[in-house]
Amino acid sequence: MDRRLFMRNGALAMFAATIGGVPSFVAHAANNKKILMPYKKNKVLVCIFQRGAMDGLMAVSPYADPNLKFMRPTLYMSPAQTEGASIDLDGYFSLHPGLASFNPLFKEGRMAIVHGVGSPNNTRSHFDAQDYMESGTPFNKGTASGWLNRAVGLLRHDGTPFRAVSVTSALPRSLYGDNEAIAINNLQDFAIQMRGNPMGANLAAKSFEELYDQTSSELLNKTGKESFDAMKMLNVNNIKNYQPANGVVYPNSPLANSLKQIAMLIKMDVGLEVAFAESGGWDTHFNQGTTNGILARNLKDFSDSIAAFWKDMDAYQDEVTVMTMTEFGRTVHQNGTGGTDHGRASCLFVLGNNVQGGKVYHNMKTMSKENLEDGRDLPVSTDFRTVFSAVADAHLKLNDDKKLFPEWDGNKLKMMKA
């Protein structure tokens, strides 16, 4: 039986081994298998999805546009010389003070910002917009695979069980597809969940030993080896005693914990090439705030988590690129409850030594009413695929945009170094 087919549809679709609780027969089997040797440093693309639609106009504000202050009388922020003010980037855009950790990365030329970016599909449904962005086909809901899964397929070389990892409780839409990918909620618990098994709900309640008993030795030889190898590759003591480089202290948040675990996987040389994490809480309909409030708190955690991860990467920075994304932006006009509603374009951040940073890339016009979409939204002037393809192609050395993003024939944004 083909190994990929079995992993997608076979009985051995999930197992969990808690620290100190690995069954003895599993350990014995692992010890009698040839364990994969450490891998060379791989190029790793780390994608972070900001779920809920981040207000790009406040995160990176075109403060010099006179229309913005008029449309956001209590939400407008400028880089005035006062404590807690936004940070001027180029005389036109400013960085929210919650994103202060990004400022040195931007000034060093390691971080680029893309503004006015989003999907050409004008849906304002969180579910649909996320689905379109993660599938990479914004006008086709029937696409079975995610764009990151297709990127894995375009790597065109053998990988390990940890080639594509999402540090989430379930596999994200981006990683659906024929190429193997796993979701690991917590490395210490070592819960690995394989996608695509209709029996998954029933199997989750079963012990691995029961699954072992129900699986023929022939099949186990084809698929169990990867599980055993993976278990050995993830050294429990290394995880438990992990010390970030340079005295880095990660924030105490879900995003920071996910990025810390990605850092562990990278440093353990287990063959990671595509990593995924997510951050929630960006839907700011009410009491959005400026220097304080829910958005400011989210932005601070977001930037501090990424900055900590980058500092922790230290010797691995040449191999790592981080790219963020959000399904859409917020309305230009603030609403009556001090918040913003579902809009169109937002902004994203790309961090890496191979990025032509220190610049806000955009094709935005001034926000006069005639330039707004439906008279209320910042239009999408940069298709998200122009950014995703530029970053993935340059960093992972892919070379087939037709497979990566079917139905798209646009040009890549020139934001990566040759």
Is there a quick way to get the dipole size of the range 263-313? I mean about its Cα centre, with the Cβ of Lys and Arg at +1 and of Asp and Glu at -1; what is the value in debye to the nearest 20? 200
Could you tell me which trypsin sites (Lys or Arg not before Pro) in the range 294-368 are loop residues by DSSP with no more than 16 other beta carbons within 10 angstrom of their beta carbon? Lys365
From phi via Karplus (6.51, -1.76, 1.60), per-residue ³J(HN,Hα) for the range 97-112 in Hz, x at Gly/Pro: x, x, 9, 4, 5, 7, 4, x, 5, 5, 5, 6, x, 8, 10, 10
What spacing in nm lies between the two simple spin-label points modelled at Asn252 and Ala170, each 7 Å away from Cα in the Cβ direction? 2.9
Using a simple spin-label model with points 7 Å from Cα along the Cα→Cβ vector, what separation in nm is obtained for Arg156 and Gln356? 2.5
Run the quick spin-label model on Phe127 and Ala245: label points 7 Å from Cα toward the beta carbon, then report their separation in nm to one decimal. 4.3
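Read-outs throughout are calculated quantities, based only on the coordinates presented, and are distinct from any laboratory measurement. A quick note: this is a predicted structure, and the numbers were derived from the prediction, not measured. All Cβ positions, even for glycine, are placed from backbone atoms using ideal geometry, and neighbour counts span all protein chains on display.
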